[in-house]
Amino acid sequence: ISRPLFIAQMCLIFLLALMAIALSIYVMNFTLLATIAVILLGLLSYFYATRTAPFNFRAITYSVLAIDLLYIFLVLLTVSAFTQYSVAHNAAKLLGKQSARVKVVVASVMLPTVEYDGSPNASLRWSRVLD
């Protein structure tokens, strides 16, 4: 791998890490910020420890680690959004806290059914099934 390509790849890795940091600061979720900070400290120490490794090794390893950082950020962001805004998660929390019996009304859509009597000139008759 040539040196200009390596520099371009390091710039892209820096951009990915910067994007994960900026978005985690924008979201301001403590778990997300703490996780990204710990991962970044680990990555920086790893980058320092492998600074004398060959270009090919660093190009591949650093790229994989930057993508892992972005993937962990996206997973934590999804978990954060799910626990804050999900109807299923919030309903389970609400129903779990109530000590009294909760009546749950299940609404079903009554779909029409089509009946056909088998004769060639018969028209289709629509009806609603009431159970």
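The values are calculated or read from the model by the stated rules, or taken from the named source; none is laboratory data. These numbers were taken from a predicted model, which means no experiment stands behind them. Cβ atoms come from the backbone with ideal geometry, glycine included; neighbour counts cover every protein chain shown. Note: accessible area is taken over every heavy atom of the protein model, side chains too, but ligands, DNA and RNA are not part of it. Shrake-Rupley method; radii C 1.70, N 1.55, O 1.52, S 1.80 Å.
Pick out, from the range 1-99, the helices (runs of 4 or more DSSP H) lying fully within it that include 2 or more residues that are touching a Leu at 6+ places or on another chain (Cβ under 7 Å). Fully inside the range 1-99 and qualifying: 3-27, 30-49, 55-85. Within the range 12-52, which residues are polar (S, T, N, Q) and within 17 Å of the chain's Cα centre (by Cα)? Hits for the range 12-52 are 24, 29, 31, 35.
Just to verify a result, which residue in the range 45-63, among those that are at pLDDT below 90 and open to solvent by 80 Å² or more (accessible area, probe 1.4 Å), is farthest from residue 84 (Cα to Cα)? Taking the candidates together, the pick is 54.
The condition of being more than 24 Å from residue 3 (Cα to Cα), modelled with pLDDT of 85 or more and open to solvent by 90 Å² or more (accessible area, probe 1.4 Å) holds for residue 71.
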